[in-house]
Amino acid sequence: MSSIVHQGFLVFSENSNDSICSHHVPINQEDKNQINLCDVSKVGKTWDKHKANADRISKYYMNASEGSFERYAMRVKKCSEWLEFGLSLEESKDTLQLNLLNAQFCRVRHCPVCQWRRSLIWKAKAYKILPQVIADYPKYRWLFITLTVKNCNIKELRLTIDWMNKAFKRLTELKSWSVKGWIKSVEVTKGQDGISAHPHLHILAIVQPSYFSHGYISQAKWVELWQQCLRVDYQPIAHVSAIAKHHDPKALIPEILKYQVKESDLVADKEWFLELTRQLHKSRAIAVGGILRQYMQELEKNNQSLIDKSEEKNEDSQENLVFRWSGNYTS
C-alpha cells in the first residue's frame, strides 16, 4: 500500500502515564511520534489548518522581490512550531482535555495562526465586558451595522480605509447619530478580478430604549447618511438590523471579531497578499467607542485573564504532551 503524505502537529516529547494517554489516544506503540494533535483534540484540525496556511504565507514573504519581507518569512515560519499542552481527563473520563501551556507566536499581522489567536483574544474581551454592560443598561437595545463602499484597487486600500474611517467619524458626529457605544471592525475581502479589494465596516452598536420610538433611522436613511458622510455620488450599501429584545448581543461577536481578512483570501494569490501587507501596515483593524470604551479600558486596566478556560495553565498537571509541526509526514 502506498504511503500518504500529511501535514500536522505530531507528538515530539511526552511526559504522561499510560492511564491517561494510551487508553484515550490511538497510539502506534512502535512509533509514538505518529500521534498527531487531531487524534487527541477536536481543535487539532484548526491548528493544522492555520499552521499549514502560515507555511504558505512564509513562502510568499520569502519569495517576494523586496528584502524587507524576509524577516516576516522567518518569523512566520517559526511561529507555533511546537505546542505544549497539559493533559487532563474530562469528568466523563472518556475524552482528554488539553490546556495550552506554552508556545511561541510570531505576532506578524497576517500570519494565519496569529490572526486566529488575535481574534480569540478580542472575542474574549468582548465576552468579558458585555454581561456587565447588559446589567448596567438592561433596557438598551443593540444594532448590527454593516457599511460598505465600492471595490477599490488593492494598491488604494490604505487610502480607501482611511477615507471610510473619516466618514464613520463624521457619521458619529451627526445629530441623528443616537448610538451610545460601539465596537467597529474593518474587514477586507478579495475582489473576484484578482486586483481589487472590498473593505467594509462591521459595527455592534448599543442604543437607548427610546431609539425605536424617538430617533429611529430607517434602512433608507442609513444609506443616505452614509452616502453623505462618504461624500460620494452613488448610493453605498448600508445594512442595519436590530437584535430582538432580550436576545444576547454576544451571538454577534464571532461575526464582528472573526478576522480582518479571510484566510482563504490570504493564501489565494501571492501578489495580492504582498500588496495587502503593504497597505494594512500599522493600520487599526478594531476600534471601540462611546460607553463601551470605558468598559474595555477598565478590563485592560484590571488585567483580567482573557484566556479561555480550556487554555488556562494548570500548575498541578503532571502530564503533558509537546507537539511539533511536521510539514510532511507519511502514514
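Go through (1) assigned to a helix (DSSP H, G or I); (2) more than 22 Å from A242 (Cβ to Cβ) and name the single condition I134 misses.
Just one mismatch for I134, condition (2).
Out of (1) buried (at least 18 other Cβ atoms within 10 Å of the Cβ); (2) more than 18 Å from the chain's Cα centre (by Cα); (3) modelled with pLDDT of 95 or more, the odd one out for C79 is which?
So the condition that C79 fails would be (2).
Exactly one of these conditions fails for K169: (1) surrounded by 13 or more Cβ atoms within 10 Å (Cβ to Cβ); (2) in contact with a Cys (Cβ under 9 Å, 6 or more places away or on another chain); (3) within 25 Å of K258 (Cβ to Cβ). Give me its number.
Status for K169: all satisfied but (1).
Within the set of pairs 6+ apart or on separate chains, which have a first residue in region 50-71 that is closer than 16 Å to Y259 by Cβ and among the hydrophobic types (A, V, I, L, M, F, W, C), a second that is assigned to a helix (DSSP H, G or I) and modelled with pLDDT of 95 or more, and C-beta atoms under 6 Å apart?
A54/V76; A54/P112; A54/V113; I57/V76
When region 97-117 is examined, which residues are found to be buried (at least 17 other Cβ atoms within 10 Å of the Cβ) and touching a Cys at 6+ places or on another chain (Cβ under 8 Å)?
Listed by number, the residues that qualify are C106, V108, C111, V113, C114.
Anything in region 137-158 that is more than 21 Å from L257 (Cα to Cα), part of a helix (DSSP H, G or I) and either of a type outside the set (D, E, K, R) or at pLDDT below 95 (or both)? List them, or say none. It would help to see each step written out before you state the result.
Going through region 137-158, the residues more than 21 Å from L257 (Cα to Cα) turn out to be 137-140, 150-156.
Still in the list and also part of a helix (DSSP H, G or I): 154-156.
Correct list: I154 only.
Check region 159-174 and report whether any residue there is touching a helix residue (DSSP H, G or I) at 6+ places or on another chain (Cβ under 8 Å), part of a loop (DSSP other than H, G, I, E, B) and at pLDDT 95 or above.
yes
Of all the residues that make up region 107-131, how many are of a type in the set (A, V, I, L, M, F, W, C) and in a loop (DSSP other than H, G, I, E, B)? If you could, list the steps in order and put the result at the bottom.
Of all residues in region 107-131, those of a type in the set (A, V, I, L, M, F, W, C) come to 108, 111, 113-114, 116, 120-122, 124, 126, 129-130.
Going one step further and asking which of them are in a loop (DSSP other than H, G, I, E, B), we end up with 108, 111.
The total comes to 2.
Out of region 194-210, which residues are exposed (fewer than 14 other Cβ atoms within 10 Å of the Cβ) and within 16 Å of F144 (Cα to Cα)? Before you say what the answer is, go through the steps one by one.
At the first step, the residues of region 194-210 found to be exposed (fewer than 14 other Cβ atoms within 10 Å of the Cβ) are 194, 209-210.
The one that is exposed (fewer than 14 other Cβ atoms within 10 Å of the Cβ) and within 16 Å of F144 (Cα to Cα): P209.
Can you say whether T95 is at pLDDT below 95 and among the β-branched types (V, I, T), as far as the supplied structure shows? Walk me through how you get there before you give the answer.
On the way: at pLDDT below 95: yes; among the β-branched types (V, I, T): yes.
Answer is yes for this residue.
Among the residues of region 211-244, write down those that are within 17 Å of K180 (Cβ to Cβ) and surrounded by fewer than 12 Cβ atoms within 10 Å (Cβ to Cβ).
Listed by number, the residues that qualify are S213, H214.
Out of all the residues in region 118-132, is one or more among the basic types (K, R), within 29 Å of D39 (Cα to Cα), outside the structural domain of E255 (by TED's automatic domain parsing) and surrounded by 19 or more Cβ atoms within 10 Å (Cβ to Cβ)? Break it down stepwise before answering.
Here is the first cut: in region 118-132, the ones among the basic types (K, R) are 118, 123, 125, 128.
Filter once more, keeping what is within 29 Å of D39 (Cα to Cα): 118, 123.
Still in the running and outside the structural domain of E255 (by TED's automatic domain parsing): 118, 123.
Then drop every residue that is not surrounded by 19 or more Cβ atoms within 10 Å (Cβ to Cβ), which leaves 118.
Yes, there is a match, as at least one residue in region 118-132 is among the basic types (K, R), within 29 Å of D39 (Cα to Cα), outside the structural domain of E255 (by TED's automatic domain parsing) and surrounded by 19 or more Cβ atoms within 10 Å (Cβ to Cβ).
Test each condition in (1) within 17 Å of I286 (Cβ to Cβ); (2) without any contact (Cβ under 8 Å) to a residue 24 or more places away in the chain; (3) touching a His at 6+ places or on another chain (Cβ under 9 Å) for K169 and report the one that comes out false.
(3)
State the number of residues belonging to region 222-246 that are under 27 Å from the mean Cα position of the chain (by Cα) and free of Cβ contacts under 8 Å to residues at least 60 places away in the same chain. Even if it seems obvious, please write down each step before you answer.
Initially, region 222-246 is screened for residues under 27 Å from the mean Cα position of the chain (by Cα), giving 226, 236-244, 246.
Still in the list and also free of Cβ contacts under 8 Å to residues at least 60 places away in the same chain: 244, 246.
Here the count works out to 2.
The values are calculated or read from the model by the stated rules, or taken from the named source; none is laboratory data. Note that the structure is predicted; figures quoted are calculated from it, not measured. Here the Cβ is made from the backbone with ideal geometry for all residues, glycine too, and neighbour counts use every protein chain on show.
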